[in-house]
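Worksheet: the structure to be examined is printed underneath.
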Amino acid sequence: MNTFTLILEILGTFAFAVSGIRLASQKRFDLFGAYVVGVATAIGGGTIRDLLLNIPVFWMSNSIYLVLSGVALAYGCIPSRFTMKQTKAILVFDTLGLALFNIVGLEKTVSLGFPWWTAIVMGTITGAAGGVIRDVLVGQVPLIFQKEIYAMACVVGGVVYFICLHFGLNAIFSGLIGGTAVILMRYLAITYRLALPHLPK
């Protein structure tokens, strides 16, 4: 893994762990339960990705991901009046984790020689699956199955990433622009209540 991807993975792990821990706190979980939700959120999508790509699961040979989840737990213990409100924190860190892990999934898949469409699927799984696991663990309908644009933001980010590569930008700039596209999509979806249409009954 290159340094850029590793940095994104570390930042994404912390962001997703915080989103899981904050949501668990909102649901009145104890410290251990909150840590479990945080870890599952942080490593869930990447675990599924690595199993599908038939490569060693990323967190099983490096304890930094479990340690980062512990740091996120410590951050989650700080009263929200000293940081940011629970709902806003969940939204902000979840969006950051979604964008960062989407790019990590894209870059890992491309580096293994898979085609672009596989990379977009793996990027979406890496970004969105952790949030699904988190929501299931706390007993609520996952965002991916609701009206909010969530996984589709990862698909858009992946398309933008490959468009940037096609026009000659390197992987770092392509990743930054693709990740920004994910964040922008989530912001617009939440701000203007954008949603995909439902199937007719």
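The values are calculated or read from the model by the stated rules, or taken from the named source; none is laboratory data. Owing to the predicted nature of the structure, the values given are computational and were not obtained by experimental measurement. All Cβ positions, glycine included, derive from the backbone under ideal geometry; neighbour counts span all protein chains shown.
Values as computed for the structure displayed
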| quantity | calculated |
| --- | --- |
| Filter result for TYR161 (among the hydroxyl-bearing types (Ser, Thr, Tyr), surrounded by fewer than 21 Cβ atoms within 10 Å (Cβ to Cβ), part of a helix (DSSP H, G or I) and in contact (Cβ under 8 Å) with a residue 40 or more places away in the chain) | no |
| Hey, THR109 assigned to a helix (DSSP H, G or I), closer than 20 Å to ILE21 by Cβ and not aromatic (Phe, Trp, Tyr) or not | no |
| Index of the failed condition, GLY123 passing every other in (1) touching a residue at least 12 places away in the same chain (Cβ under 8 Å); (2) farther than 16 Å from LEU8 by Cα | (2) |
| Condition broken by VAL57, with the remaining ones in (1) more than 14 Å from the chain's Cα centre (by Cα); (2) modelled with pLDDT under 95 satisfied | (2) |
| Some residue of the range 92-99 being farther than 21 Å from ALA24 by Cα, surrounded by 24 or more Cβ atoms within 10 Å (Cβ to Cβ) and at pLDDT 95 or above | yes |
| Hey, ILE144 surrounded by fewer than 21 Cβ atoms within 10 Å (Cβ to Cβ) and assigned to a loop (DSSP other than H, G, I, E, B) or not | no |
| Lone unmet requirement of (1) closer than 19 Å to GLY12 by Cβ; (2) touching a helix residue (DSSP H, G or I) at 6+ places or on another chain (Cβ under 6 Å) for GLY70 | (2) |
| Answer residue from the range 177-201, given it is out of contact with any helix residue (DSSP H, G or I) (no Cβ under 8 Å at 6 or more places or on another chain) and not charged (D, E, K, R) and is modelled with the highest pLDDT among those | LEU184 |
| Of all residues in the range 1-30 being without any contact (Cβ under 8 Å) to a residue 12 or more places away in the chain and part of a loop (DSSP other than H, G, I, E, B), the one that is surrounded by the most Cβ atoms within 10 Å (Cβ to Cβ) | ASP30 |
